[in-house]
Each structure stands twice: as structure tokens, then as C-alpha cells.
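S.K.: My questions will all concern the structure given below.
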């Protein structure tokens, strides 16, 4: 039997970064391991430059169940800040108001026309609206976690840390806060599928209104489950959070 840390993720918006090139920022259909490990690290109060602690957390085996896929939406926006030259021209100002920034942007537009200075950065980002996921984390038998390095005794202590996090928790991006508590719990089971079935959550009736109406339940897990349909590869295993480096890992797809 294995102890699983099980919790639920639901928010009006969520974004699970996919491989991005240029100004396009897509999202996976379900949480990435790097995002979930980052969420746990935030609950514990770890900074991104604490690489050893991040490495220990990354040893956790990751499984997720899609309860409601939600609706994908694309956000188009531009990003623009005052140029360095505009700031240098007004160093005597103790602080900048929004009007000051707008004036500096006007100055930048004029310089763009004359000297071809770079303008606003355009970006398209994908979010999932009203998605619901249940996540299970467990300790690998082959890669034991040094809980002492995390100042914890076992995976059981993560329950209280998630209930009372050190940093704000969000679903992939800071603009995607949680809409309901994660309700973390320890469930003892033979595998992650059984752990999902045994775990109990509140707000079931409210979330049932947005749940997937299909009869198919999808699971993605690092565990090699019985009767898995396929093995997938995802590049979301954290290597160095401070430099945003990730490597590939295998996960298995199961449906019922």
C-alpha cells in the first residue's frame, strides 16, 4: 500500500505552459508536473533559487485525473514599458504615476517613427476556463526523498502546508487564482486510480454542473498502471527552476 497526497485544482482560469516559441504561449490540457511541483514549493515557502529543495520535490511521482477539461480561450495582449532613454530623461522624479508612464510611451512612439526603436511586444496566451483536475503525488520506491532537507518528516506534513501556504498558490500563472480550497488529504491505496476513487472532496454538487458529461474518465500518471493504453513523453520534469530548464519524463495514459 502507498500513501498518496491527493488534492483538487479548480479555477476560473488555468494555464499549464506547453513548449513555446516566439510570442505564442500555448497550454497543456491538464496540469504539468513542473507547475504542480512549483505549487507545492510555493506552499512550503521555497524560492526558485533553492535548487536542492526543488530537486527533492521533483522526485515525487505525479498523477492527474481530468474531471472537467474546460474550454480553451486565447488572450491577445501587448506589453509595453517606458524605454530606458525616457526613464533617464526624468530621473529626478521620485516615483512614476500612470500618467508619467503614458507620456514616456508617447515619447517612445515618436522615437520609433524617427529612429525605429522597438515598440510593444505582442503575445497570445492560451487558458482553460472552468477546468477541474484531481492530482495525486506519491513517493517513489526507487528515488527516496530526503524529507530532512525539506524540513519535513514525511509526505503527510504537506497536507497542513497546503492548507496554510507560505506563498500565494495559483494555477500556472499569477492571473489564475484558485476558486475553491485544494482540500489536500492523505489516501492509502494500491495505486493512484484507487487513491482517486477513495478520496472525498467538498463542493462536489457545485462542480458537477461544469463536469465533463462524457462517460470517459482520463488519467495520466508516472505509474505504470494496469491496462494502460499508451505511454507519452512530456518535457516538464524540473531540472533548474531559476533558469527554467526542464527534461523529459514518461507518463502513462489510462481511461475508463
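Derivation of every value follows stated rules applied to the coordinates shown; laboratory data play no part. What you see is a predicted model; the values in this text were computed from it and never measured. FYI the Cβ positions are ideal-geometry reconstructions off the backbone, even for glycines, and counts take in every protein chain you see.
S.K.: Rank the residues 23, 205, 222 as a footprinting-exposure proxy: fewest other Cβ atoms within 10 Å of their Cβ go first.
M.R.: Details: 23 13, 205 7, 222 20.
Sorted ascending by nearby Cβ count, the order is 205, 23, 222.
S.K.: Residue separation times 0.36 nm, minus the C-alpha to C-alpha distance between residue 59 and residue 77: what's the value? Show your work: numbers first, answer last.
M.R.: On the way: separation 18, 0.36 × 18 = 6.48 nm, distance 3.65 nm.
Extending this stretch completely gives an extra 2.8 nm.
S.K.: Take residue 200 and residue 247, extend 7 Å from each Cα along the Cα→Cβ direction, and tell me the distance between the two endpoints in nm.
M.R.: 4.2 nm
S.K.: Could you calculate the contour length gain from residue 255 to residue 29, that is, 0.36 nm times the residue separation minus the distance between their Cα atoms, to one decimal place in nm?
M.R.: Values: separation 226, 0.36 × 226 = 81.36 nm, distance 1.53 nm.
Separation in residues times 0.36 nm, less the Cα-Cα distance, equals 79.8 nm.
S.K.: Also: Hey, fewest Cβ within 10 Å first, where do 147, 244, 16 land in order? Write out the running numbers ahead of the final one.
M.R.: On the way: 147 16, 244 11, 16 27.
By the 10 Å Cβ count, ascending: 244, 147, 16.
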